[in-house]
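Let me begin by presenting the structure, written as structure tokens, before commenting on it.
The values are calculated or read from the model by the stated rules, or taken from the named source; none is laboratory data. Values in this document were obtained by computation on a predicted structure and should not be read as measured data. Don't worry about glycine lacking a Cβ; one is built from the backbone with ideal geometry, like all the others, and counts go over all protein chains shown. To get the accessible areas, we keep the full protein, side chains included, count just its heavy atoms, and leave off ligands, DNA and RNA. Shrake-Rupley method; radii C 1.70, N 1.55, O 1.52, S 1.80 Å.
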Amino acid sequence: MNKHDSEAFDIAMMRRCVALAQSASSRREYPFAAVIGRRGEFICESFNMVRNERDVTRHAEMVAISSAQKKLGSTSLDECTIYSTIEPCAMCSYAIRESRIGRVIFGLRSPVMGGNSRWNILTDAGLSSTLPEVFASPPDVVSGCLHDEVQKVFQKRNPFIWEFVKARRIFVDGSGDDRAGTLKGKMRVGRGSRLATWARVLVVDRFWRG
């Protein structure tokens, strides 16, 4: 895709993520949602399943990653982008790194729980430099995408709790993260990156993860 088409696709997927978050209230879940796309193609989506399944590991990002791996038939999600209403937490961020997702786009930052704002997991180059056979380079991180729309969804879901969240700065305007990029961030698809991806999938995934 060219630059214009890529940015349009990102916005479309993020809007899909916001719409999914809005629908979560009908299932008595809070508006945490995630969508995964790859090379201009929608792959999968999920909202938070913690309340319904009574399982704290069922964050929207975790469920979406699992679905994408099953759909694509691989634990490696190279060249995929994950879109989320809220900055992925530390647990989800590590899953993003281990599944080798190339880009992360979200609306609101989480200075309390975020895997980029609070803990340097998403952008930690040490993972890939120490274990390049397993971890890809850090993903491009884009914060603040449609953050106004995301805030409105949370406020509508429960105005009282949203005021509490704002007062405690649990979720904040995503555009203020200096370590995050913009929608112009590009996937790393050069010859060296493709060779590293091929080596990881062929060797590590086949003989270790398989």
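Modelling each spin label as a point 7 Å along the Cα-to-Cβ direction, I'd like the Ser26/Met1 distance in nm, to one decimal.
It works out to 2.6 nm between the two label points.
Along the charge dipole of region 84-179, which of Val134, Ala167, Leu146 sits closest to the positive end, that is, farthest toward it, with unit charges on the beta carbon of Lys, Arg, Asp and Glu (+1, +1, -1, -1)?
Ala167
Quick one: length gained pulling Val112 to Ser137 fully straight, 0.36 nm per residue minus the C-alpha distance?
Stretched out fully, the Val112 to Ser137 stretch lengthens by 6.5 nm.
Per Stokes-Einstein, at 4 °C and 1.567 mPa s, what whole-number D in µm² s⁻¹ belongs to region 122-173, with the Kirkwood radius over Cα pairs as the hydrodynamic radius?
Roughly 96 µm²/s, to the nearest whole number.
Just how many % of Cα pairs in region 105-150 lie over 12 Å apart, if you round to the nearest whole percent?
64 percent
Name the residues whose placed amide hydrogens come within less than 5 Å of the amide hydrogen of Val142, ignoring near sequence neighbours (fewer than 5 apart) on the same chain.
Sorted by chain and number, the residues that satisfy this are Val104, Ile105, Phe106, Gly181.
Report, largest value first, the span of the C-alpha coordinates of region 65-183 along each principal axis, in whole Å.
Largest to smallest, the principal-axis extents are 46, 30, 24 Å.
Evaluate the relative contact order of region 1-42 (contact order divided by residue number), counting alpha-carbon pairs under 8 angstrom at least 6 apart; express in whole percent.
Relative contact order for region 1-42 comes out at 39 percent.
Answer rounded, prolate or oblate for region 65-122, using the Cα gyration tensor with square roots of eigenvalues a ≥ b ≥ c: rounded when a/c is under 1.5, else prolate when a/b is larger than b/c, else oblate.
Note, shape of region 65-122 comes out prolate.
With every protein chain left in place and a probe of 1.4 Å, what is the accessible surface of Ile11, to the nearest 10 Å²?
Using a 1.4 Å probe on the heavy atoms, I get roughly 50 Å².
What is region 1-156 by shape, rounded, prolate or oblate, if you read a ≥ b ≥ c off the alpha carbon gyration tensor as root eigenvalues and call it rounded for a/c under 1.5, prolate for a/b larger than b/c, and oblate otherwise?
Here region 1-156 falls in the rounded category.
Going by accessible area, probe 1.4 Å, with all protein chains left in place, what is the ranking of Glu45, Glu79, Glu163, largest first? Write down the numbers at each step before the final one.
Numbers: Glu45 70, Glu79 50, Glu163 90 Å².
Largest accessible area first, the list is Glu163, Glu45, Glu79.
Can you find, among Ala33, Met49, Ala12, the residue farthest towards the positive end of the dipole of region 1-57? Put +1 on the C-beta of Lys and Arg, -1 on that of Asp and Glu.
My answer, from the dipole projection, is Met49.
In the neighborhood of Leu146, defined by Cβ-to-Cβ distances under 11 Å, what is the net charge if each Lys or Arg adds +1 and each Asp or Glu adds -1?
0
Might you work out the accessible area of Lys166 for me, using a 1.4 Å probe with all protein chains in place, and round it to the nearest 10 Å²?
Using a 1.4 Å probe on the heavy atoms, I get roughly 90 Å².
Just check region 1-87 against the gyration tensor rule for me: Cα atoms, a ≥ b ≥ c as the square roots of the eigenvalues, rounded for a/c under 1.5, and otherwise prolate or oblate depending on whether a/b exceeds b/c.
Taking the square roots of the gyration eigenvalues as a ≥ b ≥ c, region 1-87 is oblate.
Quick one: how many Å² of Leu131 are accessible to a 1.4 Å probe, rounded to 10?
80 Å²
If I stretch the segment between Ser67 and Ala90 completely, what's the gain in nm (0.36 nm per residue apart, minus their alpha carbon distance), one decimal?
6.3 nm
Would you give the gap between the C-alpha center of region 1-35 and the C-alpha center of region 67-97, rounded to a whole Å?
14 Å
How big is region 21-70 on each of its three principal axes, counting only the C-alpha atoms and giving the largest first in Å?
Extents along the principal axes, in whole Å: 32, 21, 11.
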